[in-house]
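The block underneath contains the structure these notes are about, expressed in structure tokens.
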Amino acid sequence: MDDFSSISLLSLAMLVGCYVAGTIPLAVNFSEERLKLVTVLGAGLLCGTALAVIIPEGVHALYEEILEGGHHKHGQVGVLVASEAKVEGGEAALSAGAEHEHSHEQLHACIGVSLVLGFVFMLLVDQIGSSHVHSTDDPESARVTSSKITTTLGLVVHAAADGVALGAAASTSQTSVQLIVFVAIMLHKAPAAFGLVSFLMHAGLERNRIRKHLLVFALAAPVLAMLTFLGLSQSSKEALSDINATGVAMLFSAGTFLYVATVHVLPEVGGGGHSHAPSGGNGGKGLSKTEVGALVLGCLIPLVLSVGHHH
């Protein structure tokens, strides 16, 4: 019951924090120029959180167990050397080192596979969604609609993977792991909510519909965290701790996040998506110096937050 109450409180805090962060752009009336600036800042936040927070946290979650295991093995080797012959202790050390190196190689491959699978998953979802939306007569309107849907869907998939990571962490009954995963998720969910809302405002979506998109995004992680925690049997929990599902889920979600940020949000705010349209406001290409500054600032904010966050 203690684990259940803690995951319930973390999920509620995640829902409220994410929704409040997302309503900030809606609470202020921006001129068209300032809205573009906020959107560019949001795009920077999306990219910065993917690169500076999510990927490092996922890698840390994967390597945490092998590092702890390495310490235990060295302790065991010390006992063997003290109690048995030096030759046997040396053999034990060699076998422990070989096993450690093998695990290291497996995790190294796992990082790349998780990231690529997340990216490819969103690519396929995007193409399937685009094939349905592009049946309309107006290709420009269809492209914008597809961009809105894919951006929201991509971030919801990412949030759901975060929820699975939190649920898997809670099932290990290790409070420190739960808190680390929770803080890591909140460090990028708040900027992501801000980025999503500012992007949807820039795309011209009505405020009520933006709130619905935001609510779906805010609910995804808490709901999946609770379902994952409740759905895991004891044997499943043991299996998850063996493969370290928390790190895999976070890296998979980082792949989806990178796809949304680089394929949809950045080209949209940078004018790349409008290169075939008539020129208007900055020629429809590139960013002004102020907007470039806002984009760089957005990328650096998550970096500063992650540097200040100690495990």
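The values are calculated or read from the model by the stated rules, or taken from the named source; none is laboratory data. The structure presented is a predicted model; accordingly, all values stated were derived computationally and were not measured. As a convention, Cβ positions derive from the backbone with ideal geometry for all residues, glycine included, and neighbour counts pool all protein chains shown. With ligands, DNA and RNA removed, areas are computed over all heavy atoms of the protein, side chains included. Shrake-Rupley method; radii C 1.70, N 1.55, O 1.52, S 1.80 Å.
Here the Karplus curve 6.51 cos²θ - 1.76 cosθ + 1.60, taken at θ = phi - 60°, turns the phi angles of the stretch 248-260 into couplings of 4, 5, 5, 6, 4, 5, 5, x, 5, 5, 4, 4, 4 Hz, with x standing for Gly and Pro. Using heavy atoms of the protein chains and a probe of 1.4 Å, the accessible area assigned to Cys299 is about 50 Å². The figure for Phe217 is an accessible area of roughly 0 square angstrom, using a 1.4 Å probe on the protein chains alone. Within the shell of other residues whose beta carbon sits under 12 angstrom from the beta carbon of Ala221, the net charge comes to 0, with Lys and Arg scored +1 and Asp and Glu -1.
Residues His104, His213, sorted by accessible area with the largest first, give His104, His213 [1.4 Å probe; ligands and nucleic acids excluded]. Using the Cβ-Cβ distance between Val16 and Val296 with R0 = 22 Å, the FRET efficiency computed as 1/(1 + (r/R0)^6) comes to roughly 0.15. The modelled label-to-label distance between Leu303 and Ala109, using points 7 Å beyond Cα along the C-beta direction, is 3.3 nm.
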